[in-house]
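Trainee: Shown below is the structure under consideration.
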Amino acid sequence: MSDNTTLPNGWQLVVGLEVHVELATKTKMFSASTNRFGDEPNTNIDPVTLGLPGALPVLNKHAVELAMRIGLALNCKVQPCTFHRKNYFYPDLPKAYQITQYDHPLNVDGFLMLPGDVRIGVERAHLEEDTGKSTHFGGSSGRIHGSDYSLLDYNRAGVPLVEIVSRPDIRTSEQARQYVAELRAILLAVGASDAKMEEGSMRCDVNVSVHKAGTPFGTRCEIKNVNSIRSVGRAIDYEARRQVDLIESGGTVRQETRHWDDATGRTETLRTKEDADDYRYFLEPDLVPLVPEQSWIDQVRAALPVLPAARRNALAELCGVDKDGESAFVVVERGQDEYVREVVSCGGDPRRSVIYVQQAFAEQGPTPKVPARDLAALTILERDAKVTSTQAKTLLTDLIEAGGGDVVAMAAKRGFEALDTGALEAMVDAAIAAEPGAWQKYCAGEEKALGALVGAIMKSSKGKADGKAVTAILQSKRTK
Amino acid sequence: MQKLVEIVAGVTSGSTTATAVVDEHLARIKAREGEIHAFNLVTADQARKDAAKIDEDVKAGKAVGALAGVPIALKDNMCTRGVETTCSSKILQGWKPPYDATVVTKLRNAGAVIVGKTNLDEFAMGSSTENSAFGPTKNPLDISRVPGGSSGGSAAAVSAGFAAASLGSDTGGSIRQPAALCGVVGVKPTYGTVSRYGLVAFASSLDQIGPFTSDVRDAATLLEVISGHDPMDSTSIPQPAASLVSVLDHGVKGMRIGRVTDLPEGCEPDVLARLEAAFDAMRNAGATIVDVKLPSLQYCLTAYYLIAPAEASSNLARYDGVRYGNRVDAADLNAMYAATRESGFGEEVKRRIMLGTYALSAGYFDAYYGKALKVRRLISDDFARAYKDVDAILTPTSPSTAFKFGSKTDNPLAMYLCDVFTIPTNLAGHPAMSVPFGVGTDSMPVGIQVLATTMGEQTMFKVAAELERAS
Amino acid sequence: MSDSISKETVVKVSRLARLSLTPEQAEKMTSQLAGMLDHFRDIDALDLSDVEPMTQPYPLKNVMREDVEAKSLDRQEVLDQAPAAESGRFRVPPTIGFDV
């Protein structure tokens, strides 16, 4: 994917991400209506949700707990905090103000690590409430402009949100995608949200600016409607290029909000009102300060699961693979690292254990059916060259299909046995004798000839020769 | 006219019936409501049904509540399920809430019979009920004069005998001032002791619901019923309601009663004379009068008229014609908002929304709203210092007796000055009540205000009861 | 704190508050607000630099509720009170000139 170097003429990218996360609570942030996606419109409503006259908010304790989990998982400080009103008019905002956190948010000053030990600062992760959903009808594009009317569903109004604001430490679109992916993995791990971008329970706003090294950060644009991790990357790439092109052609970047159109692959200005909105923040008089007790914070911290990064590190160390590599990522993402640990503790070859699981256990889930000791046995067979790697692959498939079994017996049944080194040497000598022309070519430096020799040996061995071992023998004979 | 406690005693003992009681009150309403206009809505049919049910229960020996059979009127800014709640505004005309305010639920559970929703200054903004979109309420004692506001209708309802008691709301004096002007008892309790859930918000950090009654004992009885922690209101104080009726006969012997030496000017001499008489009464009853200073008092009006409109501008933003209330249609959303709010809100409401929006806006926040919050701290500190030396304080409730209609409507500031003695307690969150204490030179009633510190209701009621005995 | 408030500001504030004022209303509003703000200048005399703002009359904290569901309001009862409704939802005019 793209990185810094795709911007021309020394332009550098600066990205900050604001991620809104819907919390996995049973009820809304400030009232006891059900928090559930997909219900019939306006069936999870109450006076607070609708902003009826006389309604009053009461904070959801579980939402606070989940928000604390997020903050602690992002290495934030959890602090005494207050709530503010953010005042503006829009039909999906039932009270005409959103209750949010302003100058004293719950979680501050954290960070998230990306592959390659890149540290992205997390400025804050605060509590707020979600808006309702408006659907627009009429008009040619189905979008806001030129539509005839809108319909409002307040089921989502009041759903608890945590807004996670990164520092502008992200420098490539790849990093941005990694940030979102890692954040998502953390949210799932701590049980704070189901973080489904496609359902809107995790939403990203991307702030993009460009500058040249040694100069201040440029004017940033906020991009909305970025609905997938892939779009995060695409939107950043497009916007960065747009800004560079604009500046280089003599224009200036205007601070504005832009809309990402996934279909066309472009960002567009959202038509802004004449007067920029003045949100007139003031302390919410209907709520009181939230001062989480240290014992509560400690309890939440202690109950946090091992986070994905730590799990990848541990797995990498155990199995001798790259902590930022694909096998570590994939296996931890599937929740199969515990299983791999079990396989290794049964004597399994560490590296082979993690790779087998990565390659073959996509459908298995966190508790694979294959008993750990059976998989361990297979890794040992291959490690000890009792079977070839090709044969091992087949046995792996058999194991999975059968849900386990005695691999030694299964290998015997299939007639698998790897030829030992002595037998292999003999076969190699025979092949050299049979194909003197190919051998001469190979000795003269033609690498292609190797393939013919190895192929001949494999054929005559009826698959019992391990291809890698044969290649190694031929290579060493040549150098002699 | 019967007292609340008498009605309960009569209904529960069987010496009278709830039906007879409500009929009597409805008859009085029929006779004079056309003249007084205390109500936006009289719920006669439902009241009779409720009364009949109480009588049934009494007859069957079932337990009935502490307010059994008591006809009560509710200020029309308290949500009553299925019953029109308008806040005396065109924007909510016809709106029927789908839920009851907590106090309404408490009243119903206590067996009260709700006779109607009373008139108020629109969205509780005003001191004379002249700002109602549905016409003013007249003072039952002199219909050329205002009943006070914003709870003018609730005060008049009790004064005219339309209800044995009523509920109002007080943000800057909106219970106490009309109580004084109509010659009834009106109480603003400690902020947080009566739930605001279902009270249409004006200024969230100042609003409180409280009772209007014809005497102090009735007020104590009613306040006990409606007080108490409510989990639906985050600003509700966790402590249970204080026992008030039990202390009414304790007297004030040995108490220190404060006289504010730096009271703001503008009080009519006849009102001041009644205040002196009140101090005399306290002395005669064994209390000592102690001078106290409240230096920040003179800034309270300013602080209030920045804080209350600021909170109100936010609280009233929800009236946008989208989900409820009256809408004026337009081609696009912004135009719809503007047209709806333009036609739906009266002048005073618009003025306060403008003032509040300005006070909160970027560049002006620190100068206005921010400063006002600090003045609030000053008055709170002033009171804290004073209450080291005194148990309660007496002031006039209102600078004058009931004034004539139209006499203050030209200058908003003149109207605001009506609240100069009541506003400080709202800012501090303290309890205060008005007790009728004689008349002015125009024979209209004068109310004396009893102030106490946070959760000082028992002290306040002891003093009020003594005042009443001496009046 | 300014002596008065300009008509320009009044118009700007009225837009923020979604109140449409006719020119005459704006004129009247300006003079009334200016009068009030002049009066409110009295607090300029106070030294408030060391004073903590007071936002809560009673010092509560940590008021929360358990995550327990309650029954929804009846949709029909609510929509019956709506100015305009369709397919179980509230209906409003289009939102021209808005940010998302």
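Trainee: How many angstrom separate the Cα center of region B:426-460 from the Cα center of region B:256-306?
Mentor: 11 Å
Trainee: Sorted from fewest to most neighbouring beta carbons within 10 Å, what does the list B:C267, B:C300, A:C204, A:C443 look like? Before the final figure, lay out each step's value.
Mentor: Values: B:C267 17, B:C300 28, A:C204 25, A:C443 13.
Least to most surrounded, the residues fall as A:C443, B:C267, A:C204, B:C300.
Trainee: Moving on to the next point. Around B:S471, with a cut-off of 13 angstrom between Cβ atoms, what is the net charge of the other residues, counting Lys and Arg +1 and Asp and Glu -1? If you can, show how the numbers build up before the last one.
Mentor: On the way: positive: B:R274, B:R469; negative: B:D215, B:D280, B:E466, B:E468.
Value of the local net charge: -2.
Trainee: On C-alpha positions alone, give me the angle between the axis of helix C:7-16 and the longest principal axis of chain C, in degrees, nearest 10.
Mentor: It works out to around 20 degrees.
Trainee: Using θ = phi - 60° and the Karplus form 6.51 cos²θ - 1.76 cosθ + 1.60, what ³J(HN,Hα) does each residue of region B:418-433 get, whole Hz, x for Gly and Pro?
Mentor: Rounded to whole hertz, the list is 4, 9, 4, 8, 9, 4, x, 6, 5, 4, 7, x, 7, x, 7, 9.
Trainee: Another question about this same structure. Could you pull out every one of the lysines with an alpha carbon less than 29 Å from that of A:K459, ignoring same-chain neighbours closer than 8 positions?
Mentor: Partners found: A:K386, A:K393, A:K413, A:K441, A:K448, A:K468, A:K477, A:K480.
Trainee: Continuing with the same structure: Along region A:88-100, what does the Karplus equation 6.51 cos²θ - 1.76 cosθ + 1.60 (θ = phi - 60°) give for ³J(HN,Hα), rounded to whole Hz, x for Gly and Pro?
Mentor: Once rounded to whole Hz, the list reads 7, 9, 6, x, 7, 10, x, 8, 6, 8, 9, 7, 9.
Trainee: Can you tell me, using C-alpha contacts under 8 Å and at least 6 residues apart, the relative contact order of region A:17-66 as a whole percent? Mind dumping the intermediate values first?
Mentor: Working: 44 pairs, mean separation 19.1, N = 50.
The value is 38 percent.
Trainee: Could you work out how far the C-alpha centroid of region A:402-435 sits from that of region B:342-357, in angstrom?
Mentor: If we compute the Cα centre of each part, the gap is 91 Å.
Trainee: Counting only residues 5 or more places away or on other chains, whose amide H sits under 5 Å from the amide H of C:A85 once H atoms are built in the peptide plane?
Mentor: C:R91
Trainee: State to the nearest 20 debye the size of the charge dipole of chain A about its Cα centre, where the only charges are +1 on K and R beta carbons and -1 on D and E beta carbons.
Mentor: Details: 57 positive and 66 negative charges, 222 e Å.
Dipole size: approximately 1060 debye.
Trainee: Something else now. Report the calculated FRET efficiency for A:I297 and A:D261 (r = Cβ-Cβ distance, R0 = 41 Å), to the nearest 0.05.
Mentor: Details: r = 43 Å, r/R0 = 1.04.
Here the calculated transfer efficiency is 0.45.
Trainee: Within region B:34-74, report the trypsin sites (Lys or Arg not before Pro) that DSSP leaves as loop and that have at most 13 other Cβ atoms within 10 Å. Working shown, then result.
Mentor: Working: sites: B:R48, B:K49, B:K53, B:K59, B:K62; in loops: B:K62.
Counting only loop positions with at most 13 other Cβ atoms within 10 Å, the trypsin sites (Lys or Arg not before Pro) in region B:34-74 are B:K62.
Trainee: Let me ask another. What ³J(HN,Hα) values, in whole Hz, does the Karplus curve 6.51 cos²θ - 1.76 cosθ + 1.60 give for region A:213-221 when θ = phi - 60°, with x put for Gly and Pro?
Mentor: Computed from phi, the couplings for region A:213-221 are 3, x, 9, x, 4, x, 5, 9, 10 Hz.
Trainee: Could you work out, residue by residue across B:324-333, how many beta carbons of other chains sit within 10 Å of that residue's beta carbon, and then give the average as an integer? Working shown, then result.
Mentor: Details: counts 10, 4, 1, 5, 1, 4, 1, 3, 7, 13.
For this peptide, the per-residue mean of nearby foreign Cβ atoms is 5.
Trainee: May I ask you to derive the relative contact order of chain A, considering only C-alpha pairs under 8 Å and at least 6 residues apart, and to give it as an integer percent? Walk me through the numbers before you get to the answer.
Mentor: On the way: 888 pairs, mean separation 65.5, N = 480.
Relative CO of chain A lands at 14 percent.
Trainee: Here is a further query. Would you mind ranking A:M202, C:M36 by Cβ crowding within 10 Å, fewest neighbours first?
Mentor: On the way: A:M202 23, C:M36 19.
Starting with the residue having the fewest Cβ neighbours, the order is C:M36, A:M202.
Trainee: Arrange the peptides A:52-62, A:333-343 so that the one whose residues have, on average, the most other Cβ atoms within 10 Å appears first.
Mentor: On the way: A:52-62: 22.6, A:333-343: 21.0.
Result, highest mean Cβ count within 10 Å first: A:52-62, A:333-343.
Trainee: In percent, how large is the relative contact order of chain B, given Cα pairs closer than 8 Å and 6 or more residues apart?
Mentor: 17 percent
Trainee: I would also like to ask the following. Putting +1 on Lys and Arg Cβ atoms and -1 on Asp and Glu Cβ atoms, find which of A:Q336, A:A362, A:T397 reaches farthest to the positive end of the dipole of region A:308-414.
Mentor: A:T397
Trainee: Can you give the average number of partner chain beta-carbon atoms within 10 Å of each beta-carbon in peptide A:24-30, as a whole number?
Mentor: Working: counts 0, 2, 4, 6, 2, 0, 2.
Taking all residues of A:24-30 together, the mean is 2.
Trainee: To the nearest 20 debye, what charge dipole does region A:207-326 have about its Cα centre, counting +1 at the Cβ of each Lys and Arg and -1 at the Cβ of each Asp and Glu? It would help to have the intermediate numbers written out before the result.
Mentor: On the way: 17 positive and 21 negative charges, 76 e Å.
The dipole magnitude comes to about 360 debye.
Trainee: Please compute the Kirkwood hydrodynamic radius over chain A, one decimal place, Å, based on all pairs of different Cα atoms.
Mentor: Numbers: mean 1/r = 0.0376 Å⁻¹.
26.6 Å is the Kirkwood radius here.
Trainee: Can you give the mean number of other chain Cβ atoms that lie within 10 Å of the Cβ atoms in peptide B:373-381?
Mentor: Details: counts 8, 10, 7, 5, 6, 5, 1, 2, 3.
Partner-chain Cβ atoms within 10 Å, mean over residues of B:373-381: 5.
Trainee: Same structure again: May I ask for the distance between the Cα centers of region A:224-266 and region B:376-417, given as a whole number of Å?
Mentor: Each part reduced to its Cα centre gives a spacing of 59 Å.
Trainee: For every other residue with a beta carbon closer than 12 angstrom to the beta carbon of A:V48, add +1 if it is Lys or Arg and -1 if Asp or Glu, then tell me the sum. Could the numbers behind the result be given before it?
Mentor: Details: positive: A:K28, A:K95, B:R318, C:R65; negative: A:D46, A:E129, A:D286, B:D233.
For residues surrounding A:V48, the net value is 0.
Trainee: Using unit Cβ charges (K, R positive; D, E negative) and no other charged atoms, how large, in debye to the nearest 20, is the dipole of region A:108-202 about its Cα centre?
Mentor: Details: 10 positive and 15 negative charges, 41 e Å.
Magnitude of the dipole: close to 200 debye.
Trainee: Now for a separate question. Give me, ordered by chain and number, the residues 5 or more places off B:R256 or on other chains with an amide H under 5 Å from its own placed amide H.
Mentor: Excluding prolines and chain starts, which carry no amide H, the hits are B:T288, B:D391, B:A392.
Trainee: Taking H as built 1.01 Å from N, whose amide H comes closer than 5 Å to the amide H of A:K212, not counting residues under 5 places away?
Mentor: A:Q12
Trainee: Taking neighbour counts of Cβ atoms within 10 Å as a proxy for exposure, in what order, fewest first, do B:S313, B:S343, C:S72 appear? Don't skip to the end; give the middle numbers.
Mentor: Working: B:S313 26, B:S343 14, C:S72 18.
Listing B:S313, B:S343, C:S72 from fewest to most nearby Cβ atoms yields B:S343, C:S72, B:S313.
Trainee: Same structure again: Among B:V247, B:I209, B:T221, which residue has its Cα furthest toward the positive end of the charge dipole of region B:197-320, with +1 on Lys/Arg Cβ and -1 on Asp/Glu Cβ?
Mentor: B:V247
Trainee: Here is a further query. Starting with the highest mean, order A:159-166, A:240-247, B:70-77 by the number of other Cβ atoms within 10 Å, averaged over the residues of each peptide. Intermediate values should be presented prior to the final figure.
Mentor: Values: A:159-166: 25.1, A:240-247: 18.0, B:70-77: 31.5.
Highest mean packing first, the order is B:70-77, A:159-166, A:240-247.
Read the figures in this text as sums done on the coordinates, not as results from a lab. The structure displayed is predicted, hence computed values, not measured ones. So basically every Cβ, Gly included, is an ideal-geometry build from the backbone, and we count neighbours across all protein chains shown.
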